[in-house]
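Remarks on the structure that follows.
We did not get these values from a lab; they are worked out from the coordinates using the rules stated. Keep in mind it's a predicted model, so treat the numbers as computed, not measured. Backbone-built Cβ (ideal geometry, glycine too); neighbour counts: all protein chains shown.
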Amino acid sequence: MNKWYTAWLFLAPALIVLCVFFLVPVLAAFGLSLTDFDLYALADFHNLRFIALDNYLSLLRRPLFWSALRHTLYFVVAGMPLTIFASLGAALLLNSKLARCKSFFRTALFAPVVTTLVAVAVIWRYLFNARFGLVNYVLVSMGIHPVNWLGDPRWAMPTIILFAVWKNFGYNMIIFFAGLQSIPEELYEAARIDGASALAQFRHITLPMLRPTMLLVGILTMAGYFQLFAEPYVITEGGPLQSTVSVLYLMYSDAFKWWNLGVASAEAFVLFLLMFAVTVGFLRLMRRGERV
Amino acid sequence: MNAPFAKIGINVLLTVAAALTLMPLFWMVSVSFMPSGATLSFPPPFLPSHPTLANYSRLFVYAGMGRYLLNSVLVASGITFFSLVFNVMAGYAFAKLRFAGRERIFQALLGALVIPSQVAMIPLFIMLKWMGLVNTYAGVMAPTLASVFGIFLVRQYARTLPDELLEAARIDGAGELRIFAQIVLPLLKPIIVTLTIFTFLASWNDFMWPLIVLTGQDHYTLPVALALLTREHVQDTEMMMAGSVITVLPVLLLFLALQRYYIQGLLAGSMKG
């Protein structure tokens, strides 16, 4: 048996870092969101005033906050299923016994995940350029009308969603692939003997067996997508007409451009509560589905 | 069954998917070797007709890319080294050492994973400003010097080590530090490699926190420098692609070299649900 203080010596560095640089700041963020912390308070803490829930109430009256919320939800609600479809499709292809060069394809499809988000977002910015971009050139040469991807408020968010699907589907693909491999082969054999078609096998064996994986992937993707920030920062700078301003983008500019740190803290907290509520709701929904 | 047909179909689909996935990265590399302004011609060229290194030399000579590269290497290595030491120690303690409240503290740490890190960023900035650490390497590194994810990964792995081994060493009179350094660490090697590549990639690619805390360009890491350079040089596609290559290449090569460990870590980390 080790002595009781040995364990604490081993734990101390990590726990101190987590307390000082995470736990305390999170608690402070809530405190901060109840104050009017701004540039003057940053210079001298005496200028700080407690204003209770005023920041939260003024957020509810602020159109820009509501539109940031809408854009973030748009990104999550459209981006999450698309990413999961792409991931599952790629995993099914990779898992097929007929596929060749599996490790090459796996690496190729996974590559975007490890790339630096900012750097590949910069590529997107040029690929989807309306006048000189390669994407529009390909569209035009196929006889399709060019799209003003990044200049049209209706198209900017879909372009970012496309980017996110490309960047992230490989991550879930690996998780799905492992899930597929853990499904016992006997199940498929039995189904084949009973004369079940490939589609029936997918519906009645693969999908139900992947359910826990699906839940995990759904929650991970959703949590990640609520934190949309760097993509609009690099690709669209929040535009055009603020159509890609997400909650975190708004928080960043409120905090570090306008130095309204109290307001920005309230925004961060609202995002956290929203993520939490949606995750819990999602879990409930999946559990209820299991019982039926 | 039409097996040959299905076989062709599946492999064609995989090839198309891989081509679409890799196309942006190929395009980036190709354009980075084109002379300035080449991409503005019509039709847009896919391969450089006169390959040149001019974009790279411009980046290093005029845009200070060498400095940013050095900053990124320093910051990512620093974070990787310290967080590895801290996370491995803590993960081992949670797995193998006995102390009151072990499970409860660990559960609390896992619970903290639901809080997005951005919630902490604003108070963290104020705190670091007060400590004089804004716009320093220490400031960028501080919040990621330990991570719940890393501790979790090490704990899961360390739990599989046999207790008898540690007890035998204690009976022989070995001190706890010696047991850790000479018996535990060598056995943890696979998970240490996994965690190293994970942490290095994550800190190399990190953007939001460095953007907030680095207020002067002397300390910019590559992603921050690149994001701000694109805003300045909107028209200079070729140079920006060279910048992207410099930023992406190190992590891509590292991943290709240590792929197996990375994928293992990804799977181990996602099984916590």
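What the table below lists for this structure:
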{"read-out": "When residues of the stretch A:203-246 are limited to those that are of a type in the set (A, V, I, L, M, F, W, C) and away from chain B (no Cβ under 14 Å), the one surrounded by the most Cβ atoms within 10 Å (Cβ to Cβ)", "value": "A:V245"}
{"read-out": "Criterion (closer than 30 Å to A:S253 by Cα, aromatic (F, W, Y) and outside any loop (DSSP other than H, G, I, E, B)) met by exactly one of B:Y68, B:Y92", "value": "B:Y68"}
{"read-out": "Unmet criterion (only one of (1) more than 10 Å from chain A (Cβ to nearest Cβ); (2) more than 21 Å from B:Y157 (Cα to Cα)) for B:L254", "value": "(1)"}
{"read-out": "Only listed residue being facing chain A (nearest Cβ under 10 Å), within 24 Å of the chain's Cα centre (by Cα) and either exposed (fewer than 15 other Cβ atoms within 10 Å of the Cβ) or under 25 Å from B:A38 (Cα atoms) (or both), chosen from B:L211, B:L201, B:L226", "value": "B:L226"}
{"read-out": "Residues of the stretch A:85-110 satisfying the condition of being within 7 Å of chain B (Cβ to nearest Cβ) and either of a type outside the set (V, I, T) or crowded, with 24+ Cβ neighbours inside 10 Å (or both)", "value": "A:A90, A:L93, A:S96, A:L98, A:A99, A:R100, A:F105, A:A108, A:L109"}
{"read-out": "Flag if A:T116 is closer than 25 Å to B:Q235 by Cβ, at the interface with chain B (Cβ under 8 Å from one of its Cβ atoms) and surrounded by 15 or more Cβ atoms within 10 Å (Cβ to Cβ)", "value": "yes"}
{"read-out": "Residues that are under 18 Å from A:L241 (Cβ atoms) and either free of Cβ contacts under 8 Å to residues at least 24 places away in the same chain or in a loop (DSSP other than H, G, I, E, B) (or both), drawn from the stretch A:130-153", "value": "A:A130, A:V147, A:N148, A:W149, A:L150, A:G151, A:D152"}
{"read-out": "Some residue of the stretch A:269-276 being closer than 30 Å to B:M240 by Cβ, within 11 Å of another protein chain (Cβ to nearest Cβ) and either in contact (Cβ under 8 Å) with a residue 12 or more places away in the chain or part of a loop (DSSP other than H, G, I, E, B) (or both)", "value": "no"}
{"read-out": "Residue that is in a helix (DSSP H, G or I) and buried (at least 18 other Cβ atoms within 10 Å of the Cβ), where the choices are B:A19, B:A76", "value": "B:A76"}
{"read-out": "Conditions (1) over 24 Å from B:A142 (Cα atoms); (2) free of Cβ contacts under 8 Å to residues at least 12 places away in the same chain; (3) over 33 Å from the mean Cα position of the chain (by Cα): number failed by A:F50", "value": "(2)"}
{"read-out": "Given (1) more than 21 Å from B:K129 (Cβ to Cβ); (2) out of contact with any Asp or Glu (no Cβ under 6 Å at 6 or more places or on another chain); (3) at the interface with another protein chain (Cβ under 7 Å from one of its Cβ atoms); (4) not charged (D, E, K, R), number of the condition A:F21 does not satisfy", "value": "(1)"}
{"read-out": "Yes/no for B:R104 being of a type in the set (D, E, K, R) and either in a loop (DSSP other than H, G, I, E, B) or closer than 22 Å to B:W204 by Cβ (or both)", "value": "no"}
{"read-out": "Residues located in the stretch B:56-72, provided they are in contact (Cβ under 8 Å) with a residue 60 or more places away in the chain, closer than 18 Å to B:S203 by Cα and either away from every other protein chain (no Cβ under 13 Å) or surrounded by fewer than 16 Cβ atoms within 10 Å (Cβ to Cβ) (or both)", "value": "B:R67, B:N71"}
{"read-out": "Residue that is nearest to B:L109 (Cα to Cα) [pool: residues in the stretch B:123-143 that are of a type outside the set (A, V, I, L, M) and at the interface with another protein chain (Cβ under 10 Å from one of its Cβ atoms)]", "value": "B:P143"}
{"read-out": "Any hit, the stretch B:34-55, residues being crowded, with 18+ Cβ neighbours inside 10 Å, free of Cβ contacts under 8 Å to residues at least 12 places away in the same chain and facing another protein chain (nearest Cβ under 8 Å)", "value": "yes"}
{"read-out": "Test: residue in the stretch B:220-237 that is acidic (D, E), assigned to a helix (DSSP H, G or I), within 28 Å of B:G64 (Cβ to Cβ) and touching a residue at least 60 places away in the same chain (Cβ under 8 Å)", "value": "no"}
{"read-out": "A:A29 being surrounded by 17 or more Cβ atoms within 10 Å (Cβ to Cβ), touching a residue at least 24 places away in the same chain (Cβ under 8 Å), closer than 30 Å to B:A93 by Cβ and within 9 Å of chain B (Cβ to nearest Cβ)", "value": "yes"}
{"read-out": "Unmet requirement for B:A146, which otherwise passes all of (1) facing chain A (nearest Cβ under 10 Å); (2) surrounded by fewer than 16 Cβ atoms within 10 Å (Cβ to Cβ); (3) part of a loop (DSSP other than H, G, I, E, B)", "value": "(2)"}
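Yes/no matrix, rows are residues, columns are (1) in contact with a Phe, Trp or Tyr (Cβ under 8 Å, 6 or more places away or on another chain); (2) in contact (Cβ under 8 Å) with a residue 60 or more places away in the chain:
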site	(1), (2)
B:M141	yes, yes
B:V154	yes, yes
B:R159	no, yes
B:P162	no, no
B:R170	no, no
B:F180	yes, yes
B:T194	yes, yes
B:L201	yes, yes
B:N205	no, no
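Residues checked against (1) more than 10 Å from chain A (Cβ to nearest Cβ); (2) touching a residue at least 12 places away in the same chain (Cβ under 8 Å); (3) under 21 Å from the mean Cα position of the chain (by Cα); (4) over 26 Å from B:L187 (Cβ atoms):
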| position | (1), (2), (3), (4) |
| --- | --- |
| B:A95 | yes, yes, no, no |
| B:R102 | no, no, no, no |
| B:G111 | yes, no, no, yes |
| B:Q118 | no, yes, yes, yes |
| B:M121 | no, yes, yes, yes |
